[in-house]
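One structure, as structure tokens, below. Some questions next.
The values are calculated or read from the model by the stated rules, or taken from the named source; none is laboratory data. Because the structure is predicted, anything quoted here is derived from the model rather than measured. Note: ideal-geometry Cβ built from the backbone for every residue, glycine included; neighbour counts use all protein chains shown. The protein model used for the area step is the full one, side chains on, heavy atoms only, and it has no ligands, DNA or RNA in it. Shrake-Rupley method; radii C 1.70, N 1.55, O 1.52, S 1.80 Å.
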Amino acid sequence: MSGQPYDENNIFAKILRGEIPSHKVYEDDHTLAFMDVMPQAPGHLLVVPKAPSRNLLDADPAVLAKTIAIVQKLAQAAQEAFESDGVFVAQFNEAAAGQTVYHLHFHVIPRNEGEPLKPHSGKMEDGEVLRANAEKVKAAL
Ligand code: AMP
């Protein structure tokens, strides 16, 4: 366990409750996926279980099992949608490891040979670009 409590008011909990908007690409009873607002590459999306946990360290293994299956589905769709050479999947646990939002999430980032990643939590992307990229992923699902 991480030792720290889950904060019901983290930004992804607010997205899950529909209190703030997101560019959704996938939803089922257990999982939501939406575009990262500060993408490290075009098509960068986040896969988030609906069940509350801060990160991998305090998550229910049954939730992890369901979530990773959806991570695979979204990684396949993102690779197809962006015709990428590969897909980077990342997940951070606590601040020392780079975590900034304390609701478990997996980053899915299409990657191409020779194209460096943009900085983590760097520049906010234009909403129209995010909307169009979400449509591309949805079309590939
Ligand atoms: P981390 O907790 O370090 O794994 O990263 C959190 C990620 O959430 C970063 O890549 C941010 O760009 C992204 N992010 C922060 N706020 C939002 C938001 N409102 N909608 C979508 N993505 C977000």
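Give the residues of segment 23-59 that are assigned to a strand (DSSP E or B), open to solvent by 10 Å² or more (accessible area, probe 1.4 Å) and more than 16 Å from residue 110 (Cβ to Cβ), sorted by residue number.
If the condition is that a residue be assigned to a strand (DSSP E or B), open to solvent by 10 Å² or more (accessible area, probe 1.4 Å) and more than 16 Å from residue 110 (Cβ to Cβ), then 24, 27 are the ones that fit.
Kindly list the number of the only condition in (1) surrounded by 13 or more Cβ atoms within 10 Å (Cβ to Cβ); (2) over 17 Å from residue 23 (Cα atoms) that fails for residue 86.
Here residue 86 meets the rest and fails (1).
Output the residues belonging to segment 17-29 that are without any contact (Cβ under 8 Å) to a residue 40 or more places away in the chain and either over 21 Å from residue 126 (Cβ atoms) or of a type in the set (Asp, Glu) (or both).
Applying the first criterion (without any contact (Cβ under 8 Å) to a residue 40 or more places away in the chain) to segment 17-29 yields 17-22, 27, 29.
Of everything in segment 17-29, those that are without any contact (Cβ under 8 Å) to a residue 40 or more places away in the chain and either over 21 Å from residue 126 (Cβ atoms) or of a type in the set (Asp, Glu) (or both) turn out to be 17, 18, 19, 27, 29.
For segment 63-73, name all the residues that are β-branched (Val, Ile, Thr) and open to solvent by less than 50 Å² (accessible area, probe 1.4 Å).
Here is the first cut: in segment 63-73, the residues β-branched (Val, Ile, Thr) are 63, 67-68, 70-71.
Passing the criteria: 63, 67, 70, 71.
List the residue pairs whose Cβ atoms are under 9 Å apart, where the first residue sits in segment 97-118 and is more than 22 Å from residue 26 (Cβ to Cβ), the second is in a strand (DSSP E or B), and the two are 6 or more positions apart or on different chains.
98/90; 112/86; 113/86; 117/88; 117/109; 117/111
On the basis of being part of a loop (DSSP other than H, G, I, E, B), in contact (Cβ under 8 Å) with a residue 40 or more places away in the chain and surrounded by 13 or more Cβ atoms within 10 Å (Cβ to Cβ), does residue 122 make the cut?
Numbers: part of a loop (DSSP other than H, G, I, E, B): yes; in contact (Cβ under 8 Å) with a residue 40 or more places away in the chain: yes; surrounded by 13 or more Cβ atoms within 10 Å (Cβ to Cβ): no.
Answer is no for this residue.
Sticking with this one: So, in segment 6-20, how many residues would count as being farther than 14 Å from residue 51 by Cβ and open to solvent by 100 Å² or more (accessible area, probe 1.4 Å)? Please lay out each step first, then the result.
Residues of segment 6-20 that are farther than 14 Å from residue 51 by Cβ, as a first pass: 7, 9, 11, 14-15, 18-20.
Next cut, open to solvent by 100 Å² or more (accessible area, probe 1.4 Å) only: 19.
Number of matching residues: 1.
Kindly indicate which of 91, 76 is open to solvent by 20 Å² or more (accessible area, probe 1.4 Å), within 12 Å of the ligand (Cβ to nearest atom) and either β-branched (Val, Ile, Thr) or closer than 23 Å to residue 125 by Cβ (or both). Before the answer, list the steps.
On the way: 76 fails: within 12 Å of the ligand (Cβ to nearest atom).
From the options 91, 76, the qualifying one is 91.
Taking segment 17-52, which residues are of a type in the set (S, T, N, Q) and away from the ligand (no atom under 13 Å from the Cβ)? Please lay out each step first, then the result.
Of segment 17-52, the ones of a type in the set (S, T, N, Q) are 22, 31, 40.
If the condition is that a residue be of a type in the set (S, T, N, Q) and away from the ligand (no atom under 13 Å from the Cβ), then 31 is the only one that fits.
Search segment 94-105 for residues being within 9 Å of the ligand (Cβ to nearest atom) and touching a helix residue (DSSP H, G or I) at 6+ places or on another chain (Cβ under 9 Å), and hand back the single one that is nearest to residue 34 (Cα to Cα).
105
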